[in-house]
Structure formats: structure tokens, C-alpha cells
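Report on one structure; see the data block that follows.
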Amino acid sequence: MNETTSNENLVAQSEIQMRKGMLTYCILLLLKDGKVYTTEIIRALREAELIVVEGTLYPLLSRMAKDKLLAYEWQESGQGPPRKYYWLTDEGKKLQADLKTTYHKLHDSIKTLEKGAEK
Amino acid sequence: MNEVTKIHLGRQAFTIASDAHKELRDYLDAIKDQVKDKDVLEEVELRMAELLTEHGIVGDKVILLKDIKFLKSQLGIPSDFTDDGDSPAEIKPADSKRLFRDTDNAILAGVAAGLSKYFGVDVLLVRMLFVIAVFTGGWGILIYIALWLLVPEAKTSSERLQMAGKPVTVSSLKETVARADVAGAAKRANKSLAGPINVMFKLVLKSIGIVFILMGLSLLFALLAMASYVLVYTGNLFGQDIFPVGIREHVFLNLGVAVSVLLSVLVIIFGISFFKQKWPIKTWITGILVGLILIGTAGTIALGADVAPQVRDRYNAHLHTSRRSAQPFTTVQAIGQDLTIRYQSANTYAVSFNYFDNPNLSNIKTIVSNNTLLIDSSQFNERRSCPDLCIPDTYNVVITVESPSPPLFNDGNDMQPALPDKSPTPTLDQTKPILQ
């Protein structure tokens, strides 16, 4: 029983780590086609089951903006509070392309390893 | 029903119930501790407003506690807002429980309260044990003072959490801080079972404090009286040239008085500390005081050991013995002063006197008639007359009755008969073997 618990813990921990590693790339992907405001980013990530709570996202977006990967502006909305729209800067676009390669390489490596393990 | 407040959240006006308002404020404060960026905070607040609107809080609908719960479930716990990315808020294991003095719930120094937190028992039990320990030999006081000195006080919120064995996290810290705000009010409103007993404990401590203060003051006055006497009578305490004689003995006496004065001051301070439930003077002053007392005591003891034999010799030089032979008697009767009468086995009948200084012994009559030795000291003045105060102020007369066999003691006065306490030296056949 104890073993199962620790096993589940390990899975959960690895999953969190993997998702966190991926999250930057995922945000870059979401913003690839233009301006998106925060709530939409959250909705998309949640639908993709990449985040559970939103808390983690705000600091990440803020850091990416500070690193000049994202640009943002506030826009008044017809009803409700103003919205913060994000889009990719040139640096962001470059990083998104780089990470795409990185991700696919990683994906291939894992596929190869998995196949090797099955044999 | 709950009171409501108007608030602004993410540039929007809301009506919120007071309990929900408190919860929301705590939550935002906890997030503020994690997020230093104002822009991010504003975004979070905007998002909260948006979530609430989506959740059906429109118009003048009141935000309730359950809505805040919903916000939390969407946004996550404050530690989720950390920027480090990789590590979620570090959680110290709960077994890192440490012993602290709990001064928030203290009566004296928080030792008992801290111990109760550490062992997870009621503080009353610990206090009872201390009281029992104080009245069984007094070692409870020693243990208490030792713990007072050795165990640190829980000063910060995280130390208070460690004291209670709770993990130190952002949310638990927030909780402690929030509780500390109401701690003062809770103390004042302490009407529970522990309330009257705590009051009783405080009263007991205050009474002990008063006893100590009075003890110290009377010691101080006694010393003052003695010192002024020595000053007035140029320092001859015994009326004879016995003590103090010479510089060394005067130094010994003065040092002894000085140490006693410091000691009585310490006793008074101790009493005040019990009364005020706080050590009233600075630590370094305490250190100097205790240091002076220790050094002074050591000096006094060393000088005393040097001086004592000389004083004893001088005292012994004033001791005399005289002896009167008497007719045979079988009974001894004493009337008059309360003098010590002993019996000693001898071959002849006699009465011997041991005394200090020069009493007029002719006023003690010893007459034998009808086989009865009458010792009449009613004319005798047992008080010495000295120019100053005399210590001892009597001649310390000891009468020893000598006869071949122990006589019967017959007391003329109402006083205790002085029983023969010097039995004849036992002969060999009378001694019992120690081992069978």
C-alpha cells in the first residue's frame, strides 16, 4: 500500500515537472496566431488539461513578458473589467520555432527509447 | 445575518459578506507575499472579478464565503503563485517540532505553555506538575529557571508554528498571523475553564513574590541595624576582645555584610520578578550582581576559615572551670535560673562549673542535706553586663554533678529537668557486639 502511494506521488510529481517544462512552449503556441487575452489562455490550457489552477500561470506570463518574449496591452471590454491581451514578440516567435525543434527531438528520443524498451 | 461591505476588486464594485471579505483579504495578502509584481497582482484581481461575474455575481448580488471558496479552487493556493516555477512551496516535515517558550500564553515565562505545546498535553497539567514539583523539595523552581534560561522564546510566526509542530507554509503562516491579531482579544475574553485557574496561579505567584520582597527587606533592615551598631560602638560585637580583632577580621565582617546586602537585593528582585511576571532588570546587571555575590561569598568563606580558629581560641581563653567538693547525695534538686545541669560519673561527690567570663559564682549555692544536693541559683544573675552589646550575653554556665552512681533529679521549679546526658563510660562487658 505504501509503495502504491509513493508510486502515485512519483507519477504526480513527474507529471507536474513535465507540464511545467512544457508550459512555456504551450503558451507560445497559443499566442502564435495573434492577440489572446488571459482568460482565453487559461481556458485553452485547462481544456488541454495542462493546468489545474490558474495561480501558476500569472507569474509565468509576467516573467515571459519581462524576458521580452511576450508583449501585452490592456483593452477595455464592452462588459466587465478590462482585459490584458498578449501576443508574441519577434524573440517570442524565434523561441517558439526553436522550442518546436527541441520538442520534436525530445519526442523522437522518447519514442526511440520506448521502442527499445518494448523489444 | 452577515454584515455586508462594498469593495472594489479589479476596478469593479462588489457587495461582499464580512466573513467572505475577511477570507478574500487573507487570500489576497497571502498571494501578495508570493507575487511582488504589481502588474501581476492587478491581473489576478481582474481575473477574480471576472470569475465572480461568470459565477453569477452580477448587479447587487452579495459575494458569500462559498464564492471565495470557488475563487480559490480556480486560482489555487497562494504558493502556486511562486515564480520559481520548479519547486512548489517548501513544506517542512511536521516532525520538526521544536521546544519554545510560549510567551503568548505565558503566566511567568511561558515554559509551561511551551512544554504543553511540545508534548501535546493541556497546559494546566504541566502547571500542576510544576506546582507539585515546587512543593516537593523545591526542585521545580530550579527546573523552571533552567528551562527559562535554556529554551528560546518563540518570537516569529514560523517559530510559533514549529512550536506547535505545524508545517511552515505560506498559508499556515498567514493563519498564525491572523490569529495573533485576535490573540489579545481572546486573552481578555478568556472565560473558559482555564481562566479562573490562571487567575489563581497569578495570585499565587504574586503572593510568593510579596513573601520574597518582605524577606529581602527584613534581611536588609537587620543588616542595616547591625551595621549602624558596629559604627556606633566602633566595632566590638562581643563586648570582649573576641571578634572582630584586627584588620583581617574587620574585612571579613564587612565583606560578609556586603554579600548579605547584595543577596537581600537579589531576593527582593526575585520577589519583584514573581510579582510582575517579568525579570525586572537587565541581564548584564543580573550577571554582575550574581558574580559579585559568588566572588564575595568565596572571599568570605576563605577569610572565615582563616579567622574562625583564632576567634574560637580567644573565646576559649575566656572559658573557666571551678569545682566544689560535696557531701554524698542521692538526689539533685535545682531551683532558680534555668541552668544546664549534667551528670558525670566520678569516684567522689562534687559539683563543677564551666563558664564564660567572670560570673559571681558565690551566688549559686550548693548545699547537701538529707542526701539531697540543692543547687540554688535564684540569687545568681545569669546576664552578663557588658559596656556594649554582648554576644553571647550570658555566662553560659554549665553545672556538672559528679557522683559514683547517677542521682535522682528532682526539679524544684517548673522547668524541664536537666537529665544526665553524660552517662558513665561503658565498660567492655556492657558493650553489645555489633555483629552476631
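The values are calculated or read from the model by the stated rules, or taken from the named source; none is laboratory data. As the structure is a prediction and not an experimental result, all values here were calculated from the model. Every residue, glycine among them, receives a Cβ derived from its backbone with ideal geometry; neighbour counts consider all protein chains shown.
Only one of the numbered conditions (1) crowded, with 17+ Cβ neighbours inside 10 Å; (2) more than 8 Å from chain B (Cβ to nearest Cβ) is violated by A:ASP33, and that is (1).
Scanning segment A:73-119 for residues that are out of contact with any Leu (no Cβ under 8 Å at 6 or more places or on another chain), within 14 Å of chain B (Cβ to nearest Cβ) and free of Cβ contacts under 8 Å to residues at least 40 places away in the same chain yields A:GLU73, A:TRP74, A:GLN75, A:GLU76, A:SER77, A:GLY78, A:GLN79, A:GLY80. Looking across A:THR24, A:THR38, one residue alone is touching a Lys or Arg at 6+ places or on another chain (Cβ under 7 Å), within 24 Å of B:GLN34 (Cα to Cα) and of a type outside the set (Phe, Trp, Tyr). It is A:THR38. Considering segment B:281-333, and only residues there that are of a type in the set (D, E, K, R) and closer than 30 Å to B:ILE364 by Cα, the residue that is surrounded by the most Cβ atoms within 10 Å (Cβ to Cβ) turns out to be B:ARG314. For segment B:263-280, the tally of residues that are buried (at least 19 other Cβ atoms within 10 Å of the Cβ), touching a Leu at 6+ places or on another chain (Cβ under 7 Å) and touching a residue at least 60 places away in the same chain (Cβ under 8 Å) stands at 1.
Does B:GLN379 satisfy the condition of being touching a residue at least 60 places away in the same chain (Cβ under 8 Å) and either in contact with a strand residue (DSSP E or B) (Cβ under 9 Å, 6 or more places away or on another chain) or of a type in the set (A, V, I, L, M, F, W, C) (or both)? For B:GLN379, the condition - touching a residue at least 60 places away in the same chain (Cβ under 8 Å) and either in contact with a strand residue (DSSP E or B) (Cβ under 9 Å, 6 or more places away or on another chain) or of a type in the set (A, V, I, L, M, F, W, C) (or both) - is not met. Restricting A:TRP74, A:TRP87 to those that are of a type in the set (A, V, I, L, M, F, W, C), part of a strand (DSSP E or B) and either at pLDDT below 85 or within 13 Å of the chain's Cα centre (by Cα) (or both) reduces the list to A:TRP74. Filtered by the rule that a residue be away from chain B (no Cβ under 11 Å) and touching a residue at least 24 places away in the same chain (Cβ under 8 Å), segment A:42-63 gives a lone residue, A:LEU50.
Quick one: count up the residues across segment B:8-25 that are more than 14 Å from every other protein chain (Cβ to nearest Cβ) and more than 53 Å from the chain's Cα centre (by Cα). So the answer is 2.
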